[in-house]
1. Determine, for B:Arg37, B:Arg76, B:Arg28, the number of other Cβ atoms within 10 Å of each Cβ, and report the residues in order from fewest to most.
2. Assigning unit charges at the beta carbon (Lys, Arg +1; Asp, Glu -1) and nothing else, what dipole magnitude in debye, to the nearest 20, does chain B show about its Cα centre?
3. Please report the net charge: other residues with Cβ closer than 14 Å to the Cβ of A:Ser20, K and R +1, D and E -1.
4. If you put +1 on each Lys and Arg Cβ and -1 on each Asp and Glu Cβ, how big is the dipole of the protein assembly as shown around its Cα centre, in Debye rounded to 20?
5. Extent of region B:1-136 along each principal axis, from alpha carbon coordinates, in Å, largest to smallest?
6. Hey, what number do you get for chain B at 222 nm if only DSSP H runs of n ≥ 4 count, each worth -39500 (n - 2.57), divided across all residues, to the nearest 500?
7. Among B:Leu59, B:Ile27, B:Ile80, which residue has its Cα positioned farthest towards the positive end of the charge dipole of region B:1-111, with +1 placed on the Cβ of Lys and Arg, -1 on the Cβ of Asp and Glu, and the dipole taken about the Cα centre?
8. Just the Cα atoms of region A:17-132, one point each, no solvent: what log10 I(q)/I(0) does Debye give at q = 0.09 Å⁻¹?
Amino acid sequence: MSDAAPDPFGVGLPLDTQLSRPRPGSVLLAVDGEIDTLTAARLQAGVDEAVEAARADGASVVADLSGVTFLASSGLAVLIGAARRLAELGGRLHLVAASRAVTRPLQVTGADALFDIHDDVTSALATARFPDVAPPPGEVGR
Amino acid sequence: MSDAETLDGMSTVEVRTSATAALIPTIRAVASDLAARADFDLDAISDLRMAVDEACATLVDAADPTSVLQCRFLVRPERIRVHAEVETAKADTVLSTDTFGWRVLQTLADDVEVLHEAGVDGRRATVGIRLDKSAGDVPR
């Protein structure tokens, strides 16, 4: 697809992803928009960046999907792939999912079992740690 | 689909777009609107919107680039039947149903069926998906 595509709908709906580090040891990927077959590639790019940060710095990954208003199987596949890669690194993918547009697809497909799902970013960041499997003794109960 | 099924005096909505993924958001918005107005519960509205998206995405993948995507909604008491269809370049085009998206579609809809039609009398071959969704939870 060319950058000068005359079709205003050519690239699909807006989907924004933004990576930040709200506290040491955690990366937060904020996602806003509709995730479907066209926009899933943009989600993939954001998720790849977040997983790379987890791998390089040992950071936990929280994906804030509060701003997601549609989630198709193509988006679910991206999230599931990221959860698998994080699991190989000893981590979990933490999702902030409050709206039905996100929770229903996760629930219907059974994918919710693959993630740690939180109602808001604060509680996600409070819980998320990396690696998730065996936290150092000093970290327990923090 | 026969005219008798379409024109039975009940609410029928048809949306026709170019067979491109970029226009599927418009179709799924129509699906969502119709389900809401037909008093579907909130989970069923979400499921229908997603099911229509999956069906259309599957069809667009198989469509001839110059095809139209035709999506017909038959709004009936307590259920909506969706019939989506595209033209294919080849008569023997088959939909891939061994995908994650297809499994999701089967989970979301109460019933799904693939419809192939060979082109006859100069008409192009088509492939379609029919799906049914009821207004609330049904036992599966």
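1. Working: B:Arg37 11, B:Arg76 16, B:Arg28 24.
Least crowded to most crowded, the residues run B:Arg37, B:Arg76, B:Arg28.
2. Values: 15 positive and 25 negative charges, 49 e Å.
The calculation lands at about 240 debye.
3. Working: positive: A:Arg21, A:Arg23; negative: A:Asp16, A:Asp32, A:Glu49, A:Asp57, A:Asp64.
Overall, the nearby charge balance is -3.
4. 520 debye
5. Over region B:1-136, Cα extents along the principal axes are 41, 35, 24 Å.
6. Values: 4 runs with 48 residues, N = 140.
Only helices count here, giving -10500 deg cm²/dmol.
7. Farthest along the dipole direction, towards plus: B:Ile27.
8. Results for region A:17-132 at q = 0.09 Å⁻¹ read -0.19.
Values in this text are rule-based calculations from the coordinates and carry no lab data. The structure displayed is predicted, hence computed values, not measured ones. Counting neighbours? That spans all protein chains shown, and the Cβs are built from the backbone with ideal geometry, glycine included.
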